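The values are calculated or read from the model by the stated rules, or taken from the named source; none is laboratory data. What you see is a predicted model, and the numbers here were worked out from it, not measured in a lab. Because the Cβ atoms are built from the backbone with ideal geometry, glycine has one as well, and the counts that use them run over all protein chains shown.
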Amino acid sequence: MHSHVSIEYANPNDLNDSIVLRYRLRDNPIVAKWINKLQQTQAQQIPIDDPTRFYGFGSKEQQIAHALSEINKQVDIINSYKNIVERRLTDLADQDTLNYLHHIFEVYHGLLNNPSEFFIAAPPQVQKALGELNIAVHRCESISRGSRPRHVVTYFGLVKEEILDHSDYEYFTDVSQFGTMYLNYVEIGKTLTDLALDNDQYISDEAFKPFTYYSADFTVRFFHPKLDMLALIRAHVSKYYSQNKQFFLARGLDENHPLFKPGLPPIADLDNAPDDVLELLASRQFVKSVNLT
């Protein structure tokens, strides 16, 4: 029986310069599902997609420059194969262009477990760029909405084929806690909260995707909740639902449906964290290993 998950964080320029943080696993049914998925990645030797996927570290200017460089780099790679992306991003506050680029990802990549013909025919570097475009869009949104420190671990190589039970949604929360690990959203599309916050004019009806499927993917957040902002978000989402009520009711989803539970389910909490944990992580933004203990 596992009680913790240990993550080794290393300096990307010197992988021997590392620290290990231990997270105490929570006692809820989602944890057992996540453990099973993590063990599958290890049995199949599936690597972490991007061990350097950290957010909210460094100056705001550094983060903005990196985000703009990354998103336009992916656009250039895609267009070098076929000129399908008509816009580039010059300002992180340009949510309309971010929505447009996310739509490009959805259309030309395809939805979860259903790749598009374009994606299937594209060379590996273009397939990778389409996936990276999605990540780059969310990085830009993260910075423009507060740039709070966190990191994300994903395993794209693991097939997403199992879904959460309706009873699992009682464990979801939108109140983020410092040092808590959460199961990550793995769908290709947007939740009700995403739709409300993004005001997306491009997304297709089929790309509305509540958090349903799960995998070994997770995120660790190193910030405390801002309850005043949270109240505004909740009110905005409720208003959005009311304005689009018929769309959701046609899909059997009233406002109190479990699939509309906001946030993510917590699966573990940082145990005995050093006071200077953020300083320690600032120079060690490479996830070297994830192990159950």
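Within the range 54-63, the set of residues being assigned to a helix (DSSP H, G or I) and more than 18 Å from the chain's Cα centre (by Cα) comprises Lys60, Glu61, Gln62.
Taking the range 260-276 as the range and being in contact (Cβ under 8 Å) with a residue 60 or more places away in the chain and more than 17 Å from Tyr182 (Cβ to Cβ) as the test, the residues that pass are Phe260, Asn272. Quick check: is even one residue across the range 193-204 touching a Phe, Trp or Tyr at 6+ places or on another chain (Cβ under 7 Å) and buried (at least 19 other Cβ atoms within 10 Å of the Cβ)? Within the range 193-204, one or more residues are touching a Phe, Trp or Tyr at 6+ places or on another chain (Cβ under 7 Å) and buried (at least 19 other Cβ atoms within 10 Å of the Cβ). Every condition in (1) at pLDDT 95 or above; (2) crowded, with 19+ Cβ neighbours inside 10 Å; (3) under 21 Å from Pro262 (Cα atoms) is met by Ser176 except one, and the failing one is (1). Highlighted here are the helices (runs of 4 or more DSSP H) found entirely within the range 208-293 that include at least 2 residues which are under 30 Å from Leu15 (Cβ atoms): 277-282.
Every condition in (1) part of a loop (DSSP other than H, G, I, E, B); (2) charged (D, E, K, R); (3) at pLDDT 95 or above is met by Asp50 except one, and the failing one is (3).
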